[in-house]
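A.B. asks: Sharing a structure, written as structure tokens. Questions coming.
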Amino acid sequence: MRLLLTSDTHLPTRARRLPPPLLAAIDDADVVLHAGDWTDVATLELFTARARRLIAVHGNNDGPELRARLPETAHAELGGLRFAVVHETGPARGRESRCAERFPSTDVLVFGHSHIPWDTTAPGGLRLLNPGSPTDRRRQPYRTYVTASAADGRLTAVTLHRIEAAEAG
């Protein structure tokens, strides 16, 4: 099962459009996981129309209409793994233990908010993944998103993709 992990698209405030590499990744994925901060209903509708399956949450910058349509936390079993998606996990310090306590029956937690790519594993085995942002790099060198494969209870081929400035929205 091919997965696309993304977050913090922030259209149209941080970019005018989604980068073409991200759009291609949506089309290629079996499941798209979006960890919030859409800021624009049209972007949610674009993802909904293009994705085979969309698992998504709202973020702190999402207004009432997005909050009415999206949960704060989403859960799904994909490829034999238990996934949770949430926008914000708090400060980096202590994140693994805090999230392991909050999501005890989860194998993979996808989160956003910081725009900083993150890939760690908590002592109990919870994998934490933040794909960064495909539109707003903030203090990071690149805009980013993640692809991965899930099958037989294993997450493999986890790849952080960089979006070059010329490809950005």
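Just so you know, all these numbers are worked out from the coordinates, no wet-lab data involved. All values reported here derive from a predicted model rather than from experimental measurement. Virtual Cβ from ideal backbone geometry, glycine too; neighbours counted across all protein chains shown.
A.B. asks: Tell me, what HN-Hα J-couplings in whole Hz come from the Karplus equation 6.51 cos²θ - 1.76 cosθ + 1.60 at θ = phi - 60° for each residue of the range 69-77, using x for Gly and Pro?
C.D. replies: Couplings: 9, 10, x, 6, 9, 10, 10, 7, 9 Hz.
A.B. asks: Arg93 versus Arg69, label points 7 Å from Cα toward the beta carbon: distance in nm?
C.D. replies: Spacing of the two 7 Å Cα→Cβ label points: 3.9 nm.
A.B. asks: Select from the range 1-67 those trypsin sites (Lys or Arg not before Pro) which occupy a DSSP coil region and have at most 10 other Cβ atoms within 10 Å, ordered by residue number.
C.D. replies: Working: sites: Arg2, Arg14, Arg16, Arg17, Arg50, Arg52, Arg53, Arg67; in loops: Arg14, Arg16, Arg17, Arg52, Arg53.
Sparse-neighbourhood loop trypsin sites (Lys or Arg not before Pro): Arg16.
A.B. asks: Could you tell me the relative contact order of the range 2-167? Use alpha-carbon pairs under 8 Å, at least six residues apart, and round to a whole percent. Before the final figure, lay out the partial values.
C.D. replies: Working: 410 pairs, mean separation 41.5, N = 166.
It rounds to 25 percent for the range 2-167.
A.B. asks: In terms of the Cα gyration tensor, with a ≥ b ≥ c the square roots of its eigenvalues, is the range 36-100 rounded because a/c is under 1.5, prolate because a/b exceeds b/c, or oblate? List each step's numbers first, then the result.
C.D. replies: Values: a/c = 2.68, a/b = 1.30, b/c = 2.06.
Judged from the Cα gyration tensor, the range 36-100 comes out oblate (a/c at least 1.5, b/c at or above a/b).
A.B. asks: Under the rule a/c < 1.5 gives rounded, and otherwise a/b versus b/c splits prolate from oblate, where does the range 75-140 land using the Cα gyration tensor?
C.D. replies: It is oblate, given that a/c is not under 1.5 and a/b is not larger than b/c.
A.B. asks: Scan the range 92-131 for trypsin sites (Lys or Arg not before Pro) in coil per DSSP, keeping those whose Cβ has at most 16 other Cβ atoms within 10 Å, and list them by number. Intermediate results must be reported in sequence, preceding the final value.
C.D. replies: Details: sites: Arg93, Arg95, Arg98, Arg102, Arg127; in loops: Arg93.
Passing both the DSSP loop test and the Cβ count: Arg93.
A.B. asks: How much length, in nm to one decimal, is gained on full extension between Tyr142 and Ala49, taken as 0.36 nm per residue of separation minus their Cα-Cα distance? Write out the running numbers ahead of the final one.
C.D. replies: On the way: separation 93, 0.36 × 93 = 33.48 nm, distance 2.69 nm.
Gain in length upon complete extension: 30.8 nm.
A.B. asks: Just to check I understand the Karplus step: with θ = phi - 60° and J = 6.51 cos²θ - 1.76 cosθ + 1.60, what whole-Hz values come out for the range 149-163, glycine and proline as x?
C.D. replies: 10, 10, 6, 6, x, 10, 9, 10, 6, 6, 10, 8, 9, 8, 9
A.B. asks: Shifting gears a bit: Give the residues of the range 93-116 whose amide nitrogen is closer than 18 Å to a point set 7 Å from the Cα of Arg82 in the direction of its Cβ.
C.D. replies: Counting only backbone N, you get 96-111.
A.B. asks: Taking the dipole about the Cα centre of the range 2-167, with the C-beta of Lys and Arg at +1 and of Asp and Glu at -1, give me whichever of Ala68, Leu54, Thr89 is farthest to the positive side.
C.D. replies: Thr89
A.B. asks: Additional query: Among His113, His75, which comes first, then next, by fewest other beta-carbon atoms within 10 Å? Let's see the in-between values first.
C.D. replies: Values: His113 20, His75 14.
Arranged by neighbour count, lowest to highest, His113, His75 become His75, His113.
A.B. asks: Sticking with this structure for a sec: Under a point-charge model restricted to the Cβ atoms of Lys and Arg (+1) and Asp and Glu (-1), what is the dipole moment magnitude of the chain relative to its Cα centre, in debye to the nearest 20?
C.D. replies: Result for the chain is approximately 280 debye, rounded to the nearest 20.
A.B. asks: Counting other Cβ atoms within 10 Å, keep those with at most 16, restrict to DSSP loop, and tell me which GluC sites (Glu not before Pro) in the range 1-88 are left.
C.D. replies: Details: sites: Glu45, Glu65, Glu72, Glu77, Glu88; in loops: Glu72, Glu88.
Filter output for the range 1-88: Glu72, Glu88.
A.B. asks: Can I ask one more? Kindly provide the helix-only [θ] at 222 nm of the chain, computed as the sum of -39,500 (n - 2.57) over DSSP H runs of four or more divided by all residues, to the nearest 500 deg cm²/dmol? It would help to have the intermediate numbers written out before the result.
C.D. replies: Values: 4 runs with 33 residues, N = 169.
It comes out at -5500 deg cm²/dmol, rounded to the nearest 500.
A.B. asks: OK, next. At a 10 Å Cβ-Cβ cut-off, how would you order Asp107, Asp152, Asp37, Asp30, fewest neighbours first? Write out the running numbers ahead of the final one.
C.D. replies: Values: Asp107 20, Asp152 8, Asp37 27, Asp30 15.
Lowest to highest Cβ neighbour count: Asp152, Asp30, Asp107, Asp37.
A.B. asks: State whether the range 2-167 is rounded, prolate or oblate according to the following rule on the C-alpha gyration tensor (a ≥ b ≥ c being the square roots of its eigenvalues): a/c under 1.5 gives rounded; otherwise a/b larger than b/c gives prolate, and the remaining case gives oblate.
C.D. replies: Rounded, because the longest to shortest axis ratio a/c is under 1.5.
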